Amino acid sequence: MRAGEIAEPYPVVGIGTSALVAARLIARDRLPGLVVTDESGKPMAVLPASEVVRFMVPDYVQDDPALAGVLGEVPIERIAARLAAARVADLLPSRPAELPVMKVDDTVVELAAIMARLRSPLCAVVDGQKVLGVVTAARLLELVCGDELP
């Protein structure tokens, strides 16, 4: 089986997309992350949902989680405003990790190997420079294990 055969349509965002729009896509569809493309539509990064959550928490609270209890509840509107003021580019690491991208004719084993090595919850499947779809870890596990519970 080939990556192109199991790739599914998936939301893709541009680097200039509002971080709030990206967060809403992740939340609405309960996605593990999004594929981010450059201005030409070429995939350039994966934005994991965990990075969006990380952006919501100030650095000083991440450094000292005990501060979260002292600060009290931050209004949701302030978090949404912070996301609205940012772009997807602001949520990506300054040194992007290797991109989990496979070609349509790569095998499922090759796909699993790249996802495992990069610890990525998803992998973009490309046909040339164009994103054909995405394979998520959940889709890969469903393919391998089936969907029946004991």
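Residues that are modelled with pLDDT under 90 and surrounded by 15 or more Cβ atoms within 10 Å (Cβ to Cβ): does region 7-15 have at least one? Looking for residues that are modelled with pLDDT under 90 and surrounded by 15 or more Cβ atoms within 10 Å (Cβ to Cβ), one finds none in region 7-15, hence no.
Report yes if some residue within region 73-91 is assigned to a loop (DSSP other than H, G, I, E, B) and either aromatic (F, W, Y) or at pLDDT 90 or above (or both); otherwise report no. Checking region 73-91: at least one residue is assigned to a loop (DSSP other than H, G, I, E, B) and either aromatic (F, W, Y) or at pLDDT 90 or above (or both).
Considering each residue of region 98-112, count those that are part of a helix (DSSP H, G or I) and either at pLDDT below 90 or surrounded by 15 or more Cβ atoms within 10 Å (Cβ to Cβ) (or both), and give that number.
Within region 98-112, the subset part of a helix (DSSP H, G or I) is 108-112.
Next, from what is left, pick out any that are either at pLDDT below 90 or surrounded by 15 or more Cβ atoms within 10 Å (Cβ to Cβ) (or both): 108, 110-112.
Residues meeting the conditions: 4.
Applying the selection to region 55-72, what residues are assigned to a helix (DSSP H, G or I) and at pLDDT below 75?
Narrowing region 55-72 to residues assigned to a helix (DSSP H, G or I): 55-56, 59-63, 66-71.
Result: D59, Y60, V61, Q62, A66, L67, A68, G69, V70, L71.
Scan region 80-87 and give yes if some residue there is surrounded by 12 or more Cβ atoms within 10 Å (Cβ to Cβ), within 20 Å of L132 (Cβ to Cβ) and among the small types (G, A, S), otherwise no.
The answer is no, given that none of the residues of region 80-87 is surrounded by 12 or more Cβ atoms within 10 Å (Cβ to Cβ), within 20 Å of L132 (Cβ to Cβ) and among the small types (G, A, S).
Within region 119-132, at least one residue is under 15 Å from the mean Cα position of the chain (by Cα), exposed (fewer than 11 other Cβ atoms within 10 Å of the Cβ) and more than 23 Å from S18 (Cβ to Cβ).
Please tell me if M115 is at pLDDT 85 or above, assigned to a helix (DSSP H, G or I) and surrounded by 17 or more Cβ atoms within 10 Å (Cβ to Cβ). Answer is yes for this residue. Residues of region 11-20 include at least one that is under 16 Å from A84 (Cα atoms), touching an Asp or Glu at 6+ places or on another chain (Cβ under 7 Å), assigned to a helix (DSSP H, G or I) and not aromatic (F, W, Y).
The values are calculated or read from the model by the stated rules, or taken from the named source; none is laboratory data. Owing to the predicted nature of the structure, the values given are computational and were not obtained by experimental measurement. So basically every Cβ, Gly included, is an ideal-geometry build from the backbone, and we count neighbours across all protein chains shown.
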